[in-house]
Amino acid sequence: MTRLSGGLIDRSKPLNFTFNGKSYRGFEGDTLASALLANGVQLMGRSFKYHRPRGVVAAGSEEPNAMVELRTGARQEPNTRATMAELYDGLSARSQNHMGPLNRDLLAVNDLMSPFFAAGFYYKTFMWPKAFWEKLYEPAIRKAAGLGSLSMLPDPDQYDKGFLHCDLLIVGAGAAGLAAALTAGRAGAEVILADEDFSLGGRLTMESDTLDEAEAAAWIASVKAELESLPNVRIMTRTTVFGVYDHGIFGAVERVADHLKEPGAKVRQTLWRITAKRAVLAAGATERHIPFADNDRPGVMMAGAMRAYANRWAASPVKRDGDAIAIFTNGDDGHRTAMDLIAKGANVLGVIDARAGAEALGDYKLFAGATVTGTKGRLGLTSIEITRNGTSEWHNVGALGVAGGWNPNVHLASHHRGRPVWDDRLLAFVPSADGPKGLIPAGAAAGKGGTAEALADGMRAAIEALSEIDVTASEIALPKAENAASDQAAFWHVPGDKRAWVDFQNDVTVKDIALAHKENMKPVEHLKRWTTLGMATDQGKTSNISALAVMAELTGKSIPETGTTIFRPPYTGVSLSVLGGGDTGNNFRPSRLTPTHHWAEKLGAEFVEVGQWMRAQYFPRQGETHWRQAVDREVLAVRAGVGICDVTTLGKVDVQGADAGEFLNRVYANMMGTLAVGKVRYGLMLREDGHLYDDGTCARLFEDHYVVTTTTANAGLVYRQMEFFHQCVWPELDVQLISTTDAWAQIAVAGPKSRELLSRIVDEFDISNEGFPFMGCAALTICGGLRARLFRISFSGELAYEVAVPARYGQALMERLMQEGADLGVTPYGTEALGVLRIEKGHAAGAELNGQTTAQMLGLGKMVSMKKDSVGAVMSRRGGLAEDKRRLVGLKPIDGQQQIMAGSHLFTRGTAQETGTDQGWVTSSCYSPHLKSYIALGYLEEGDTRIGEQITAANPLEGKTLMAEVVSAHFVDPEGGRLRD
Amino acid sequence: MLIPHPLLGLRDSQEFTYLGDANLMHRPDPAAENAEAAFCEYVFLRDNPAGVHRELWFHEQGDRSWLVVTRDTTTHEILGAELASDVKLGAAQ
Amino acid sequence: MKFSGFKVVKEALTGHKGWQPLWRNPEPKPAYDIVIVGGGGHGLATAFYLAKTFGELKVAVLEKGWLGSGNIGRNTTIIRSNYLLPGNEPFYEFSMKLWENLEQETNFNSMVSQRGIINLIHTDGQRDAYRRRGNAMLLAGADARLLGRDELKEMVPFLNYDNARFPIKGGLMQPRAGTARHDGVVWGYARGADQRGVDIIQNCEVTGFKIENGKVLGVETSRGFIGAKKVGVSVAGSSSRVMQKAGMRLPMESHVLQAFVSEGLKPTIPGVITFGAGHFYVSQSDKGGLVFGGDLDGYNSYAQRGNLPVVEDVLEGGMALMPMIGRARLLRSWGGIMDMSMDGSPIIDKTDIDGLYFNGGWCYGGFKATPASGYAFAHLLATDRPHETATGYRFDRFNRGHVIDEKGVGAQPNLH
C-alpha cells in the first residue's frame, strides 16, 4: 500500500475489487485508478501499436493509457478509463490489448519491430502478392489492433431518454461552475449544473488551495447544501455534457448506475436532451505533458494528476513507500505538485525545471535549466536521466510528474466549428468568440485557471448570461482565494535521438512527426491522418498541442499558423446503448394495430409487419400445415363465397368544402370534379415530376364531402402532399383536409355472397345491384343505428364492398359479420390472400407502384386527363416518359407448377442475358389456386403487343431460369362482369 | 433545432417534416407556352444557397400547418417562420 | 520512389533517411491544358487517370484547403457495386474493378478490403426487390448472393434475429464489396498523379471562372489567374456554390449527413452490414473502430454538422439490430455536406459553357465511385465523349425524363 494521509476517501468504507484476477482493497471515493495506485500498481495497460507497458497518466476522462475492460459477462465494458470508474465493492477489471499476461505481452515484439512500423508504413507495403491483403496481412493487423473487446452478448441493462429545459446550463462544477451556479441560483433562474465527476468541486477537490482560509471541501459542501435547497437548481453529477447542438440544445449522459455493481431496478444511463436558454462552459482545463526520450513508462504521469491523486485520493504514484518522486516542468505549476507531495510526506527527489531562471517554492532540490533526457524501468519507472548544461546523470525514482502546462477545455465551444484562438501569454488555445450562440466560456476553460480568477469569472459569466435573457443576477460574496503562480516557458519537447512519445495510446513519437514533415504531410489534418496522432480515445486531448508545437518547430511557423484542431461531439465516449435510449428489440418502433387485431390474434392469425402496422397475414385452421393451404383456402372462399378482411390500414383523407371537387381535380390525374354524389372513382395520383405516385379511390359522399383512400404505404405521404397543395399552392380554394385513417375501421366484404351477408347488417338501405351498383358509396347506418360508410369497390375482382365504422366498433363489426355469415361460410382472409386476389385480377400494388413507374406502364396512360391540369400532368408528357414502352403484363410459366420468382428479369427468348438486353422484370408472383398455376405480373418492353409470346424469366441469383407466356394481367374475369353483378 | 411556429411558439424540429426550397410554392402556369420547360426548372433546379434559405417545413406531428422558415444554411440560425398559406395569400394580393 | 516492403525494411534499417515528400508543392503555372477544381478523391482520381491513361501532361488540381479535406476525408469508406438500375450498375461495377487493382496501379496501399456487404431483408416485398437487384448485378457482371436466414445467421450470428420489431429474414450479399482506407485513396491518387507530372496545388481557392463568348478561358483563384483550355469542376459539397460562379443553377440541394465511429475494439464485425428496416449501416475499420451511419438530417445545410435526433435515430437502429455493441462507446461523430441530386444519381457531363465540365451530385455515395468517377471524368475531359459506363449521367436527363432514380422517390433530394 502506498496510501498517503488525508484525502476525500471514506476510510470507514473499504471496498474489495480485482484487477486481472488479483484482489485489492480501496475505499469509497476511490476510482479504479486511484485504488490501483494506492495499491502500488503502476502497470495498467499496453499501448495500441507497440504494446509498450503503460500506466495511468491522468486523473480524469482524458486518460489515454489506463483503459480496462470493466465487469464481466454481458456487462463487459471495453475501454473504460480507470480514472473514471468509481470503485464499488466487487468491481472486476482486466487490462486489455495484450496477448498473454499484462507483464509479458507477446505482442510487445511489435516494439522491437518499431523501426519498421514508422508513421504511414502500412500505406507503403503489404501490396504483394495482391490476394494476401484480405487473407493474411489484414486479419493479422485487425487482430493486433483494437483495444478492448465486446462480450458479443446483448446489453442486459435498461436505458432511458429525457428532456430538460432551463435558463442556464452550467457545464462543469469546479470553482467557476459552482460560482456561476450560486449566482444564478440565488437570482431565481432555472439552473442545471452538470459535471462528469461523481462529486462537486472539480479541480478544487484535487488541489491543496484553501478557500476562506479553510479546506476547499468545506466551501464546496456549503455551496452544495445551498444549491440543493434551491428548488430552481438541479445538480447533475456523473453527467457528461457531450455535445452542443443547434438552438441551445445540449446532449448529456447521466451515468445513473455505473457506480453500482448492477443497476438493479434503475436504468444504467439516461440520455438527456437539455434545452438551455444560455449556457456557461466551465469545463476546466486539461494538462499536457512534455515529450522526452522514453517518456511513456508506467510511473511517468502528468504532474497535475499526481497532485490530484495525492490530495483527493491520498494515493502515491510510486510502487513502494519511500520511492523517490521527481517533477519535470516548464513552469510554476510543477512546483505545486512538489510542494503538495512534500506536505503529504512523500520522498521528493526534486524539480527539474526547463527554465534556467526558475526558483524553488519550497524546500526541495531544484534542477533549474535542466531536462529529463531518458528513463529506465521495463514495467515501471526506476530511474531518470537529468541533463543540465550538457551533463547528464541518472537518478533513481519510482515516479515522475510532468508539467507541460494546461489547455483550456474548449471542446464544446468548437462543436459549431468555431476555431479556438491562440493565447501567447497562456501558451494555449482559448475559445473564440464565434462559438455556439449563448455558450459563454468561464474559468479555466476560458483561460482563467487561477482559483480566485475562476471563481470571479464564473460569477461574471452567470450574470452576463442571465442578463441576456432578462434575468437580473447580483454579485455574490466569493470565498477568499488566491491565484497560484503560473509563469511558464514555451518549452514543448526535449530534443533527442530516441523515441519521445507525443500520443501515448497510439504510439506517435516526435520522430513520427518529423517523418510526416519530411514526407510533406504538413497540414495538421494530414499529420494527424498519416501518423494517427490525436485519433486515440482521448481525441488528442493529451497530445494535439505538443504535436502542433513540434510541427511548428519543423516548419518554422508559429503554432497558430501551423494549425488548430477543432473538436466534434462527443466530448468523451458515450455508450452506444444510451444513445439508442432503450428502443431496442420489439420497442425499436411503435406497432400500429388494426381495430380487429385482438380478434385476429384470438383466431390464431399469423401477423406480418407492413410498415409500422401489424396485419393479419393469414388465418391457419387446424390441420393446415403449410401457409399455402390457408391462403389457397381463403382465396377460393372469396372467389366462391364470401371473405372478410380488415383494410383499415389503407390511408383515408376526408376532403370537404365548396372547392373540394376542384381541389381533387388538381391532385388526381384523372377527372374527379365530375363525380356524382354517391359514386366512387378509381384515381391515380402523380408526383409533380410525372411519375406515378399512388392509387386509390375517391368517393363523393355528399355534395361538398369526399373521402379519398390511399395505399397503406403512402397514407401519410399522400396526406402531406395534399396539405402541401392545399396550403402552399392553392390556399385560395375552400377546402379542408383531415386524415381519418385511424378514425375509421374499414372491412372488405368480398365474394359472390357478400351482398347477402351485408344485407343482414345494413339498416333499411337498398343494397340491391340496382339500388347500390358497382362504384356506389353511401353514408348509412348498420346493425341498428351504428353510423357507417359503405363503398361498393373491389380489389379482388369479385362482387365486393368495403364497410367503414368508427374505429372503436371495428372489432364488433368483424365479430358480427362472422356471426351473421356463419351459414354463408364467411372466411376471414389476410394480406397473403389479398395479394393473390389482386395479382389474379391484375391490380397494381407496391411492387408495381414503386416510384419508378408511370401511368402508361400500368396501361392507364389515358387516365391522365388532357382536359385539365393536375399535379404531374405537364411533366408526364416529357419525351422520356411518353416514349417508355414498358407495360404491365401477366406471366404464366409454361410449367404451371414452377414459380416465376418476383425479381426475375425478362429476356426475349434466345438472347444473351445481360444488362443491355434486359427487357423488364417480374414485379409480383403467387400461386393462383383459382387457375391452379403459378402466375406473375411484370413490366415488359412493348408488353402490350407481345401477348402470347414465350419469354425467358431469368433468376441467375438463385440459379433458376424458366420460360413463361406473356398473357393479359387480368387472369380472372377480364371483362369485369363479376364485380358488376 | 427549434422552430418558432407562428401560432405555437418554439417547437422541436422533430415534430416537423422538411420539404425544401419555398420556391416550390410557386408552381408554374401549366397553360403557358413554355410550361414544360418552366416545370422542369421548377421541379429540378435549386438555388441551394449557402446562407439565407426560405424553406418549407410541415408540422406533421403538430397542427399540420406548412411553414415557410427562413434559416441560414451555414449556421442553422432561424431568422423567422410564417404560415405558408399566409405567405401565399399575401403574395397573391 | 517506389513503395514496397523491401523499401520499408531498408529505410527502417537506415533510420528513415531516404523518404521523400509524397508529392511536390508546386507554384501554379500561368496556364494548363486541363485544370481540375477540387483536390478531393474524385478530382485527384481524375488527374491521375488523365495523366496515366489519357496522356494529358499539363494538368493541375486546385484545392481550396488540404488534399482530401472534403467528403473523401469523412465517410464510412464503403465500396460496393450493388445497384439496381442499368444507368448505374455497370458504372459502379467498373469502379469495383478499378478498386480491385488500385493498389498495384498507384503503388500505394489504400487497404481495399473485400470483406463483403450484406443488405438485410425483413419482408417478402424486400426480398423480391433485392432479388431484382441481385439479378441486375449479376447481369452486369458483378457478384451477388441471396442469403436465407440460416445461412445469414451462420455468417453474422450476433444480429438480433428473433426478439426484433422487424425480424431478419435474409440478406442480399455482395462478397466483393467491402471498405477501403479513405485517406489512403486520396494519397495514392495524389502521389500517383504528382509522379506523372500533375501539379497539385493546395490552399488555392477558385473564386471565379473567366468565360468569354461562351467559352471558359481559365479560373480566378486566391493565388491569381490560371489559364486553362478545359476546366473540370469536381467539388462535392460545394457544387452549387462553385457552379453559381459560372452562372449555373444545379439540380441539387446540399444536405448534412452524419457519420460515427466507436472507440477501438477487437474484431467484432466481419464486413459491412446494412439494416433494411432502420437507418443504420456499419463496418469495422482495421484500427478496430465501428464505423457507422444512417439517414440524412434532412434539411439543407452547409454547416458540416448535424443534430441530436439523427444521432439517436441511428443508434436506435444500431441497438435494435446489434444489441451486443451497446457497451462500446461512440468516439467521434462528424457531418459532411452531400450534394443531393434530384434523382439520387450523379452528373458527369459537359456544361453549356464550352470547356467547362462538371462532376458532382454524388449524394452520400461518392466514395465508392471515386475510381470510376475519376476515370469517366478524365475520359470526358480528354475525349469529349462520355465513358461507356457513364452515358446516363447527363444534365439533360431530368428535362428529357430519363432520371436514374434507384429509390423511386422523385425530385426530393432528402429522400434519396
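Please average, across the residues of A:866-877, the number of beta carbons from any other chain that are within 10 Å of each residue's own beta carbon, and give a whole number.
Neighbouring Cβ atoms belonging to other protein chains average 4 per residue here.
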task = Give me the angle, in degrees from 0 to 90, between the Cα long axis of helix A:175-186 and the longest principal axis of the Cα atoms of chain A, rounded to the nearest 10.
result = 60 degrees
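Report, as an integer, the average count of C-beta atoms from other chains found within 10 Å of each Cβ along A:139-149. Each step should come with its number before you reach the end.
Values: counts 4, 0, 4, 11, 3, 3, 10, 12, 7, 8, 6.
Mean number of neighbouring Cβ atoms from other chains: 6.
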ask   = Hey, which lysines would be in cross-link range of C:LYS29, C-alpha to C-alpha under 22 Å, not counting anything within fewer than 8 residues on its own chain?
value = C:LYS52, C:LYS58, C:LYS64, C:LYS210, C:LYS215, C:LYS229, C:LYS230
request  = Starting from the range A:239-329, pick out the trypsin sites (Lys or Arg not before Pro) whose DSSP state is loop and whose Cβ has at most 14 other Cβ atoms within 10 Å.
outcome  = A:LYS261, A:LYS266, A:ARG320
key: Computed label-point distance, nm, for sites A:LYS932 and B:THR74 using a 7 Å Cα→Cβ extension   = 7.5 nm
ask   = On average, how many beta carbons from a partner chain sit within 10 Å of the beta carbon of a residue in C:264-273?
value = 5
key: Kirkwood Rh and Cα Rg combined as Rg over Rh, evaluated for the range A:60-168   = 1.10
remark   = Shape call for the range A:446-560, from the Cα gyration tensor axes a ≥ b ≥ c (a/c under 1.5 means rounded, otherwise prolate when a/b beats b/c, else oblate), comes out prolate
inquiry  = Below 15 Å, Cα to Cα, which aspartates and glutamates can A:LYS528 reach? Residues fewer than 8 away in the same chain don't count.
reply    = A:ASP503, A:ASP507, A:ASP512, A:GLU519, A:ASP538, C:ASP183
remark   = So the FRET efficiency between A:ALA360 and B:ASN23, C-beta based with R0 = 56 Å and rounded to 0.05, is 0.20
ask   = Once a ≥ b ≥ c are taken as the square roots of the eigenvalues of the Cα gyration tensor of the range A:10-108, is the result rounded (a/c under 1.5), prolate (a/b larger than b/c) or oblate (a/b not larger than b/c)?
value = prolate
key: Packing-based order for B:42-50, A:130-138, using average beta carbon neighbours within 10 Å, highest first   = B:42-50, A:130-138
query = Applying 1/(1 + (r/R0)^6) with R0 = 30 Å to the Cβ-Cβ distance of C:ARG400 and B:VAL52, what FRET efficiency is obtained, to the nearest 0.05?
reply = 0.35
task = Take every Cα pair under 8 Å in chain A that's 6+ residues apart, average their separations, divide by the length, and report that relative contact order as a whole percent.
result = 9 percent
inquiry  = For the ranges C:179-185, A:748-754, what's the packing order if you count other beta-carbon atoms within 10 Å of each residue, average per peptide, and put the highest first?
reply    = A:748-754, C:179-185
ask   = Computed over the Cα atoms of the range C:305-378, what is the convex hull's projected area averaged over all directions, in nm²?
value = 7.5 nm²
request  = Return, ordered by residue number, the residues of the range A:1-43 whose backbone nitrogen is under 15 Å from a label point located 7 Å along Cα→Cβ of A:ARG320.
outcome  = A:1-2, A:40-42
inquiry  = Could you tell me the relative contact order of the range A:499-560? Use alpha-carbon pairs under 8 Å, at least six residues apart, and round to a whole percent.
reply    = 33 percent
inquiry  = At q = 0.09, 0.10, 0.11, 0.13 Å⁻¹, what log₁₀ I(q)/I(0) does chain C have when each alpha carbon counts as one equal point scatterer in the Debye sum?
reply    = -0.55, -0.68, -0.82, -1.13
inquiry  = What is the ratio of the Cα radius of gyration of the range A:651-739 to 2.2 N^0.38 Å, with N the residue count, to two decimals?
reply    = 0.96
By average C-beta atoms within 10 angstrom, highest first, the peptides C:193-199, A:122-128, A:385-391 = C:193-199, A:122-128, A:385-391
Inter-label distance for A:ALA343 and A:LEU786, nm, one decimal - labels placed 7 Å from Cα along Cα-to-Cβ = 8.1 nm
request  = Would you kindly compute the Cα radius of gyration of the protein assembly as shown and its largest Cα-Cα separation (Dmax), both in Å?
outcome  = 34.8, 115
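Are there any GluC sites (Glu not before Pro) in the range A:503-594 that are in a DSSP loop and have at most 13 other Cβ atoms within 10 Å? List them by number.
Working: sites: A:GLU519, A:GLU525, A:GLU553, A:GLU561; in loops: A:GLU519.
Filter output for the range A:503-594: empty list.
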ask   = Just in the range A:178-260: which GluC sites (Glu not before Pro) are loop by DSSP and have at most 10 other Cβ atoms within 10 Å?
value = A:GLU213
message = Just to be sure I understand: with springs between alpha-carbon atoms less than 10 Å apart, which residue in B:PHE16, B:PHE39, B:PHE58 has the highest mean-square fluctuation in the Gaussian network model of chain B?
response = B:PHE39
The range A:850-981: C-alpha gyration tensor shape, a/c 1.5 cut-off, then a/b vs b/c = oblate
message = Once the cut-off is 19 Å, how many percent of the Cα-Cα pairs in the range A:499-560 end up in the long-distance tail?
response = 16 percent
Estimated inter-spin distance, B:LEU89 and C:THR383, nm [label 7 Å along Cα→Cβ] = 6.0 nm
ask   = Name the residues of the range A:271-306 whose amide N is less than 15 Å from a point 7 angstrom out from the Cα of A:PHE163 along the C-beta direction?
value = A:271-277
message = As an exercise, use a Förster radius of 41 Å and the Cβ-Cβ distance of B:GLN61 and C:TYR161 to find the FRET efficiency, rounded to the nearest 0.05.
response = 0.85
query = ³J(HN,Hα) across the range A:277-290 via Karplus (A = 6.51, B = -1.76, C = 1.60, θ = phi - 60°), whole Hz, x for Gly/Pro?
reply = 5, 9, 9, 10, 8, 10, 8, x, 9, 10, 7, 10, 9, 10
request  = May I ask you to sort A:TYR245, A:TYR88, C:TYR393 by Cβ crowding, counting other Cβ atoms within 10 Å and putting the fewest first?
outcome  = A:TYR88, A:TYR245, C:TYR393
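Please state the relative contact order of chain C as a whole percent: Cα pairs under 8 Å, 6+ residues apart?
22 percent
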task = Quick one: what are the phi-derived ³J(HN,Hα) couplings along the range C:75-90, Karplus 6.51/-1.76/1.60 with θ = phi - 60°, whole Hz, x for glycine and proline?
result = 7, 9, 6, 8, 10, 6, 9, 10, 9, 9, 7, x, x, 10, 4, x
key: Out-of-range pairs (alpha-carbon distance over 20 Å; input A:LYS518/C:LYS2; A:LYS319/A:LYS498; A:LYS135/C:LYS287; A:LYS22/C:LYS266)   = A:LYS319/A:LYS498; A:LYS22/C:LYS266
task = Could you quote the convex hull projected area for the range A:591-682, Cα atoms only and averaged over all directions, in nm²?
result = 8.9 nm²
key: Cross-link partners of A:LYS448 among lysines (Cα-Cα below 23 Å; sequence separation of 8 or more within a chain)   = A:LYS224, A:LYS437, A:LYS480, A:LYS541
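Every number here is computed from the coordinates shown, using simple stated rules; none is lab data. Quick caveat, the model's predicted, so the values are computed rather than measured. Here Cβ is always computed from backbone atoms with ideal geometry, including for glycine, and neighbour counts include all displayed protein chains.
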